[in-house]
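**Student:** Before I ask anything, here is the structure I am working with.
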Amino acid sequence: MTEREKAEVILKKYVKTDHFLKHSYAVEAVMRALSRKLEPEMEEEWAVAGLLHDLDAEMVDYMNHPELHGPKTIELLKSEGFGNDRIYNAILAHNKATDAKIGNKMDQAIFASDPITGFINAITLVYVDKKISSVKVKSITKRMKETRFAAGADRTAMKSIEKLGIAFPEFAELSLTAMQEISDVLDL
Ligand SMILES: [Fe+2]
């Protein structure tokens, strides 16, 4: 089994809702696309970190204990004998409520990829046909400025991709394309 295949088995063991499974695949797809630009030799690691970043989402009471989101995943991954310190830090640092710091490109990438997938999802659902193939990059950049739209989507986190030298519109396009490529999985 490849590391990616092992990761998917672990994902399906702990994540059961459609919502979080789709979100996990979406973040994986965006992370793959980013890695091809920024650190191509590490694509599998970036993909796996994306796929597993919310592994504990259905176990942690985020409202009352946000600081456990991330650490619980690391505990699960260690019990499965899976992962390494790079993957662990990327997963921890995607949640601002942990002490972990964004220290490298993969950490920064996952921090921005996490919110943009939900944002693109929300934009797709306001289209008449609710199809991601209809979504235009322009509507993503436009919706960024409409702060009442998908108010929970962290614009600052999405914009932080620019720290990696990728302009936001380019990130929007790359993320949209990555999600469009797995539209069947995302059911969009
Ligand atoms: Fe997430």
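**Student:** Using the Cα centre as the reference, give the magnitude of the dipole from point charges on the C-beta atoms of region 45-129 (Lys, Arg: +1; Asp, Glu: -1; all else neutral), rounded to the nearest 20 debye.
**Tutor:** The calculation lands at about 280 debye.
**Student:** Under a Cβ-only charge scheme (Lys and Arg +1, Asp and Glu -1), can you give me the dipole magnitude of region 1-152 about the Cα centre, in debye to the nearest 20? Please report the intermediate quantities before stating the final value.
**Tutor:** Details: 23 positive and 23 negative charges, 189 e Å.
For this selection, approximately 900 debye.
**Student:** Report the Rg/Rh value for region 70-156, based on alpha-carbon coordinates and the Kirkwood definition of Rh.
**Tutor:** Dividing the radius of gyration by the Kirkwood radius yields 1.09.
**Student:** Report, in deg cm²/dmol and to the nearest 500, the calculated mean residue ellipticity at 222 nm for the chain, where each DSSP H run with n ≥ 4 adds -39500 (n - 2.57) and the sum is divided by the residue count. Don't skip to the answer; put the middle values down first.
**Tutor:** Values: 10 runs with 115 residues, N = 188.
Result for the chain, helices only: -19000 deg cm²/dmol.
**Student:** Assuming R0 = 25 Å, can you tell me the calculated FRET efficiency for the pair VAL128 and ASP187, based on Cβ-Cβ distance, to the nearest 0.05?
**Tutor:** Calculated transfer efficiency: 0.90.
**Student:** Right, another one. Roughly speaking, what is the centre-to-centre gap between region 83-153 and region 1-54 when only Cα atoms are used, to the nearest Å?
**Tutor:** 14 Å
**Student:** Mind listing the phi-derived Karplus ³J(HN,Hα) values for region 6-16, rounded to whole Hz, using 6.51, -1.76 and 1.60 with θ = phi - 60°, and x for any glycine or proline?
**Tutor:** 4, 4, 5, 4, 5, 3, 6, 6, 10, 10, 10
**Student:** Sticking with this one: Pop out the ³J(HN,Hα) list for region 120-131 in order, Karplus 6.51 cos²θ - 1.76 cosθ + 1.60 with θ = phi - 60°, rounded to Hz; leave Gly and Pro as x.
**Tutor:** These are the phi-based 3J(HN,Hα) values: 5, 4, 5, 5, 4, 6, 8, 6, 4, 8, 6, 10 Hz.
**Student:** Given 5 Å bins starting at zero, what is the percent of C-alpha pairs of region 19-60 in each, up to the one with the largest pair distance?
**Tutor:** For region 19-60, the binned pair fractions read 6, 28, 28, 18, 12, 6, 2 percent.
**Student:** Starting from one equal scatterer on each C-alpha and no solvent at all, send me the Debye-based log10 I(q)/I(0) for region 115-184 at q = 0.16, 0.23, 0.27, 0.29 Å⁻¹, two decimals.
**Tutor:** -0.50, -1.03, -1.37, -1.51
**Student:** Would you kindly calculate the translational diffusion coefficient of region 3-186, applying Stokes-Einstein with the Kirkwood radius from alpha carbon pairs, for 25 °C and a viscosity of 0.890 mPa s, and quote it in µm² s⁻¹ without decimals?
**Tutor:** So the translational diffusion coefficient is about 150 µm²/s.
**Student:** On to the next question. How large is ³J(HN,Hα), in whole Hz, for each residue of region 79-94 in order, when computed from phi with the Karplus curve 6.51 cos²θ - 1.76 cosθ + 1.60 and θ = phi - 60°, using x for Gly and Pro?
**Tutor:** 5, 8, x, 10, x, 8, 5, 5, 5, 4, 5, 4, 5, 5, 6, 6
**Student:** With all distinct Cα pairs included, what does the Kirkwood hydrodynamic radius of region 1-74 come out to in Å, to one decimal, could you say?
**Tutor:** Kirkwood radius, region 1-74: 12.7 Å.
**Student:** I've got another one for you. Under the 0.36 nm per residue contour assumption, what length would be gained going from the current alpha-carbon distance of VAL9 and LYS101 to full extension?
**Tutor:** That pair, VAL9 and LYS101, stretches by 30.3 nm at full extension.
**Student:** With unit charges on the beta carbons (Lys and Arg positive, Asp and Glu negative) and the dipole taken about the Cα centre of region 1-118, which residue among LEU76, VAL15, PRO40 sits farthest to the positive side?
**Tutor:** Result: PRO40.
**Student:** In this model, which of LYS22/LYS131; LYS16/LYS72; LYS16/LYS136; LYS37/LYS159; LYS72/LYS96 are farther than 19 Å apart at the alpha-carbon?
**Tutor:** LYS16/LYS136, as the Cα separations exceed 19 Å there.
**Student:** With a 10 Å cut-off between alpha carbons and a GNM built on the chain, which of PHE82, PHE111, PHE119 moves the most?
**Tutor:** Sorting by GNM fluctuation, first place goes to PHE82.
Any read-out appearing in this document is the output of simple, stated calculations on the displayed coordinates, not a laboratory observation. Since we're looking at a predicted model, the values are computed, not measured. No Cβ is skipped: glycine too gets one built from the backbone with ideal geometry, and neighbour counts run over all protein chains shown.
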